[in-house]
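Please read the structure below before turning to the comments.
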Amino acid sequence: MQPTETLHLRQVEVGGNVPYTVEVGPGVLSRARVEARQIALIHDEAVPQVWIDRLSAALSPALLLTIPVPQGEACKTLEVLAGVLSKLAAANLPRDGAVVGLGGGAATDLAGFAAASYLRGVAFYTAPTTLLGMVDAAVGGKTGVNLPEGKNLVGAFHPPRAVWCDTDTLTTLPPAVFREGAAEAYKHGLISDPSLIDRVLAPDFVPGSATFTDTLADAIAVKAGVVTRDLLEAGERAYLNFGHTLAHALEAVTQHAVPHGDAVGYGMHYAALLSKAQGGEDLTEYTRAFLRWQQPAPLPTLTYDDVQPYMARDKKADAEGVRFVLLHALARPYLTRVPDAVLREQFGVWQVEIWGGGWLGAVDYTP
Ligand SMILES: NC(=O)c1ccc[n+]([C@@H]2O[C@H](COP(=O)([O-])OP(=O)(O)OC[C@H]3O[C@@H](n4cnc5c(N)ncnc54)[C@H](O)[C@@H]3O)[C@@H](O)[C@H]2O)c1
Ligand SMILES: O=C(O)C(=O)C[C@@H](O)[C@H](O)[C@H](O)COP(=O)(O)O
Ligand SMILES: [Zn+2]
């Protein structure tokens, strides 16, 4: 497959104890380099063979073994993790070996946790092949798997040594998966860089356009900046969780029938309603505009009591209860508790809009 745009590459630097570079642009997988003599490649089984071949060619002859894992969210289980760890051990991947994760956020989250736990930690590299993976999951070192009780409840911080965002891989992505992943780029716009709001919804935000690599790299830069300053989520990293308290609950309660990016689209609208109810600027037209553009997977009918037990297990909760990321205004996020009565009331407002308002797709938005 030929690269889809003229060679325009961007590099985003991530700082911290062990700095690394995010390479962004067409053909990046062909230039992947790993500082290890033995490599295990873990990939989503449904990633098109052309991308597996492109990366394998760059990694050979150090490629010791290749481990396909179940497609999408189905790979983020303790059972799949156990199988992967056994394969690494059976192949004798040494401690100075490396794990490379190829696929969407689900596959790279799993591969990263395998790298974090095998032999108490080996080097990890990420090759995201979805928009969401590039903008968010592959950067910053949050790795892990789900439990039936909730999303990402087991994991480790294990930053990658390099991230290869080959924009060619996005050309085989189903359009709905592309729009799903845009939720995290839009989130970066709302919490930090408002210029992304219009750029993500613009018609030229498509792989291969002249502006695509720059918009993608600027969205990645928001995450890179946050995790450089606060890798372990002692403070501002929590802002990257905007929209996620409800999103993770929707994913868990529907047993992942609603994919992560769609759940984040729904969750950001709830967070915008809560922000307004708590005295912030009314930003709900932004989150409505995003949902109309995204056209997320439909939700089954749910009540506040269906989702509340899952929201209560959110990792931002402390001994006093759940905390939400809200916005005073664009790019002014804060972490706060919200009274249960407000959570319940605004869930009602959100419910009426999502299921009864008829606005999804009905209102024009011109960026
Ligand atoms: N670690 C983090 O910081 C972080 C951040 C955001 C999200 N996440 C996690 O990421 C996951 C969601 O990631 P996602 O949206 O990438 O979904 P995903 O990994 O489930 O992938 C979505 C679908 O795209 C397919 N696919 C992947 N690449 C493809 C390609 N190039 N061509 C065709 N099909 C392709 C996959 O097989 C899958 O069916 C969730 O588990 C979420 O919790 C983690
Ligand atoms: O990197 C982060 O920090 C984020 O919160 C990014 C989120 O988009 C992502 O979904 C993350 O996996 C959520 O983390 P969790 O700690 O809430 O499980
Ligand atoms: Zn997310």
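If you line up the long axis of helix 175-191 against the longest principal axis of the chain, both from Cα atoms, how many degrees apart are they, to the nearest 10? Result, in degrees: 70. The antiparallel fraction among DSSP beta bridges confined to segment 95-218 stands at about 40%.
Rounded to the nearest 20 debye, the dipole magnitude of segment 279-331 is 220 debye, with +1 charges on Lys and Arg beta carbons, -1 on Asp and Glu beta carbons, and the Cα centre as origin.
What ranking, highest mean first, results for peptides 155-164, 218-227 when packing means the other Cβ atoms within 10 Å averaged over each residue?
Working: 155-164: 21.2, 218-227: 23.3.
Descending mean neighbour count gives 218-227, 155-164.
Projected label points at R95 and L119, each 7 Å from Cα along the beta carbon direction, are separated by 0.8 nanometres.
Dividing the summed -39500 (n - 2.57) terms of all DSSP H runs of n ≥ 4 by the residue count of the chain sets its mean residue ellipticity at 222 nm at -12000 deg cm²/dmol. Ranking F290, A224, Y186 by Cα position along the charge dipole of segment 166-300, where only Lys, Arg, Asp and Glu carry charges on their C-beta atoms, puts F290 farthest toward the positive end. The length gained on full extension between V342 and N17, counted as 0.36 nm times the residue separation minus their Cα-Cα distance, comes to 112.9 nm. How high is the relative contact order of segment 10-229? Use alpha-carbon pairs under 8 Å, at least six apart in sequence, and give a whole percent. Value for segment 10-229: 23 percent.
The value of relative contact order for the chain, using C-alpha pairs under 8 Å at least six residues apart, is 15 percent. Fewest-first ordering of M311, M268 by other beta carbons within 10 Å of each residue's beta carbon gives M311, M268. Between the helical axis of 78-90 and the longest alpha-carbon principal axis of the chain there is an angle of about 10 degrees.
With 26 Å as the limit, the listed pairs K76/K315; K87/K316; K142/K187; K87/K187 have K87/K316; K87/K187 beyond it between alpha carbons. Helix 49-59 and the longest principal axis of the C-alpha atoms of the chain enclose an angle of approximately 50°. Beta bridges per DSSP, both residues in the chain: antiparallel share near 40 percent.
Once backbone amide H atoms are built at 1.01 Å from N, F124 has V99, R161 as its partners under 5 Å, excluding neighbours fewer than 5 places away on the same chain.
Report Rg(Cα)/(2.2 N^0.38 Å) for the chain, keeping two decimals. Spell out each step's value before the answer.
On the way: Rg = 19.7 Å, N = 367, 2.2 N^0.38 = 20.7 Å.
So the chain has a normalised radius of gyration of 0.95.
Taking R0 as 41 Å, what FRET efficiency do you get between E236 and A210 from their Cβ-Cβ distance, rounded to the nearest 0.05? It comes to 0.80. Separation of segment 138-155 and segment 278-353, taken as the distance between their Cα centroids, equals 21 angstrom. Rounded to whole numbers, the Karplus 3J(HN,Hα) couplings from phi for segment 267-275 are x, 5, 5, 4, 5, 5, 5, 5, 4 Hz, using 6.51 cos²θ - 1.76 cosθ + 1.60 with θ = phi - 60°, and x at Gly and Pro.
Any read-out appearing in this document is the output of simple, stated calculations on the displayed coordinates, not a laboratory observation. Keep in mind that what you see is a predicted model, and the values were worked out from it rather than measured. Glycine gets a Cβ as well: all are built from the backbone with ideal geometry, and neighbour counts include every protein chain shown.
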